[in-house]
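Visitor: Sharing a structure below in structure tokens format, with a few things to ask.
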Amino acid sequence: MIIAIDGPAGSGKTSTAKLLAKKIGFFYLDTGATYRSLTYAAIEGGLSLSDENSLLNLAKNLDIRINANEIYLKGIDISKKIRDPLIDKNISTVVSFPQVRKVMVELQRKIASEGNFVVEGRDITTVVFPESKYKFYLDADPKIRAQRRFKELKEKGLDVDPEEVRTDLEKRDYADKNRTVGPLTISEDAVRIDTSTLTIEGTVELLARHIESKSTDHSSTK
Ligand code: DC
């Protein structure tokens, strides 16, 4: 069974999805982390980030292992490195290539085929798992999302400027919503939740209630 969650950066979907998975005994897949790893591997390998063929080749051979808390590239833990602002700045180009996304979507489906998963990202409810019975779209006020992202980076000990964090987030929002393949859109049948004034626990509680009520609703065919 798949629980699909989409939303923009800073909407709280990562913390929510992680806690929800723990609570209901599911595995957790952060698809953003798979794209971040690809971007990291491309930068590390000195590839041109606008060279679709090289990126496609890299995606096809991407040797990653991922669990709820860590991600390994060729056996090396890159969990911290993929959260660096350098990745935030460069990722939008890498994720914009349709063929590259196709390969990554296959990889994500393969990972999630191994059990019950809470999967989160931008195109999970629309492209990766459109057939899922449980779909959510998390959002929050852009100012709040920027504050959350700033706090997160600060807590990691990074010296970041709040204004720069806000601009980077706006740029990523724009790129996420406007790319031709797998853009961030709200699936018609997704439950939309505004997390601006909610705690992570409160959001998880809401999702869990929706899941519970849907799983006892036998009128639904999906
Ligand atoms: O969720 P995140 O901020 O770690 O995601 C990083 C970037 O990856 C984000 O700017 C958009 C992209 N992404 C995507 O294109 N499709 C997904 N399913 C997940 C993330």
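Visitor: Which residues, taken from the range 52-67, are farther than 15 Å from residue 108 by Cβ and surrounded by 14 or more Cβ atoms within 10 Å (Cβ to Cβ)?
Guide: 52, 54, 55, 56, 57, 58, listed by residue number.
Visitor: Between a first residue in the range 86-100 that is touching a residue at least 12 places away in the same chain (Cβ under 8 Å) and a second residue that is more than 10 Å from the ligand (Cβ to nearest atom) and among the basic types (Lys, Arg), which pairs have beta carbons less than 8 Å apart while being 6 or more apart in sequence or on different chains?
Guide: 87/81
Visitor: Next question, about the same structure. Which residues, counting only those in the range 112-125, are more than 9 Å from the ligand (Cβ to nearest atom) and either out of contact with any Leu (no Cβ under 6 Å at 6 or more places or on another chain) or assigned to a strand (DSSP E or B) (or both)?
Guide: Passing the criteria: 113, 114, 115, 116, 117, 118, 125.
Visitor: Can you name every residue in the range 19-50 that is under 19 Å from residue 83 (Cα atoms), open to solvent by 10 Å² or more (accessible area, probe 1.4 Å) and touching a residue at least 60 places away in the same chain (Cβ under 8 Å)?
Guide: 28, 30, 32, 35, listed by residue number.
Visitor: If I ask for residues that are of a type outside the set (Ser, Thr, Tyr), in a helix (DSSP H, G or I) and in contact (Cβ under 8 Å) with a residue 40 or more places away in the chain, which ones from the range 195-210 would you list?
Guide: Answer for the range 195-210, where residues must be of a type outside the set (Ser, Thr, Tyr), in a helix (DSSP H, G or I) and in contact (Cβ under 8 Å) with a residue 40 or more places away in the chain: 200, 201, 204, 207, 208, 210.
Visitor: Out of the range 63-80, which residues are within 15 Å of the ligand (Cβ to nearest atom) and at pLDDT below 95? Give the steps one after another, and end with the answer.
Guide: Keep residues of the range 63-80 that are within 15 Å of the ligand (Cβ to nearest atom), which gives 64, 66, 68-71, 78-80.
Correct list: 68, 69, 80.
The values are calculated or read from the model by the stated rules, or taken from the named source; none is laboratory data. Computed from a predicted model, the values in this text were never measured in an experiment. Every residue, glycine among them, receives a Cβ derived from its backbone with ideal geometry; neighbour counts consider all protein chains shown. With ligands, DNA and RNA removed, areas are computed over all heavy atoms of the protein, side chains included. Shrake-Rupley method; radii C 1.70, N 1.55, O 1.52, S 1.80 Å.
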